[in-house]
1. Between rounded, prolate and oblate, where does the range B:17-123 land on the alpha carbon gyration tensor, with a ≥ b ≥ c its root eigenvalues, rounded for a/c under 1.5, else prolate if a/b exceeds b/c?
2. Ignoring everything except DSSP H segments at least 4 long, calculate the 222 nm mean residue ellipticity for chain A; use -39,500 (n - 2.57) per segment, divide by total residues, nearest 500.
3. Relative contact order for the range A:61-116 using alpha-carbon pairs under 8 Å, separation at least 6, rounded to a whole percent?
4. For the Cα atoms of chain A, what angle does the longest principal axis make with the long axis of helix A:19-31, in degrees from 0 to 90, nearest 10?
5. Give me the percent relative contact order of chain A, please, defined on Cα pairs under 8 angstrom at least 6 residues apart.
6. Determine the shape class of chain A: with a ≥ b ≥ c the square roots of the Cα gyration tensor eigenvalues, call it rounded for a/c under 1.5, and otherwise prolate if a/b is greater than b/c, oblate otherwise.
7. Compute the acute angle (0 to 90°) between the alpha-carbon long axis of helix A:47-59 and the principal axis of greatest extent of the alpha-carbon atoms of chain A; round to the nearest 10°.
8. When you look at the Cβ of every residue in A:92-105, what mean number of other chain Cβ atoms sits within 10 Å?
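What follows is calculated from the coordinates using simple rules that are stated; it is not laboratory data. What you see is a predicted model; the values in this text were computed from it and never measured. Note that each Cβ is placed from the backbone with ideal geometry, even for glycine, and that neighbours are counted across all protein chains shown.
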Amino acid sequence: MAAALAPRLDSVFGALADPTRRAIIDRLLAAGELSVGDVAAPFAISAQAISRHLQVLERAGLIERRIERQWRFVRVRADALEPVESWITRQKRHWTAALDRLEALAAAQTPKRRKS
Amino acid sequence: MSNADASETTLRLERLIPSPPEVLFALWTQPAQLVRWWAPEGYEAAVHDLDARPGGRWRVTMRRSDGGVVATSGVYRIVEPPRRLVFTWAWEDESGARGHETEVMVSFEATPGGTRVVLLQRRFESKQARDNHNVGWSACLDRQTKIVG
């Protein structure tokens, strides 16, 4: 397990060593999923440069792409930071998001009480 | 495993949810309900096993849009509708290898506004360590429930 992790760690740290790529990850963590154009919007660099950064992040296993008609979307992979995060941090994020979904679904299945 | 490192081996989350315990318990234990919230957005969940009784197995796969599949699976330990659910829990990676064994306790306590949900997850370094801790775990759960209540 540790041996398999080492190359992944190198590419994750390599990918995160760049401030622009860290900013992209921050943006995606906050937004969830963004189109490639929206990712690029706040950065004063070319679309090609953004595209290269996204490639590095994707190769490091930090982000994944989704194509819907002509749009390309990117988001942080659920297991992105696995090699560098503690178990508890990872699980906390997993369950927090899951409980958000559970709560939304439960609300839809709970009759609203009339306010007296 | 000593109590000193509990902060690194035990995760605790608490929520007040404005729905009754019965609705929430069903969302955790009925396959058709569970697949609707279990997987992150962009993943499609499928229940392969869900035998919600002590000793019963559960396994849920999550398929990414690029075709990659990960899964979570385990065995139910305690099933007390609609109050409490305890089950073992581990990630399976794309090769089917099972990660660290953990145990999850979810309790549903009716409150005037709905339900207080407490989720506790404990990590064990091995299956043996988990089995050795089962006795202590139940006592720990009771304590937690009291603290919460």
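1. Working: a/c = 2.08, a/b = 1.53, b/c = 1.37.
Because a/c hits 1.5 or more and a/b exceeds b/c, the range B:17-123 counts as prolate.
2. Working: 5 runs with 69 residues, N = 116.
Taken over chain A, the calculation gives -19000 deg cm²/dmol.
3. On the way: 26 pairs, mean separation 11.9, N = 56.
Computed over the range A:61-116, the figure is 21 percent.
4. The helix A:19-31 is inclined about 10 degrees to chain A.
5. Details: 78 pairs, mean separation 29.4, N = 116.
Taking the mean separation of contacting Cα pairs over the length of chain A, I get 25 percent.
6. Values: a/c = 2.70, a/b = 1.47, b/c = 1.84.
Oblate, since a/c reaches 1.5 and b/c is not below a/b.
7. 80
8. Values: counts 5, 1, 5, 7, 3, 4, 6, 8, 2, 7, 12, 10, 2, 8.
Mean inter-chain Cβ contacts per residue within 10 Å come to 6.
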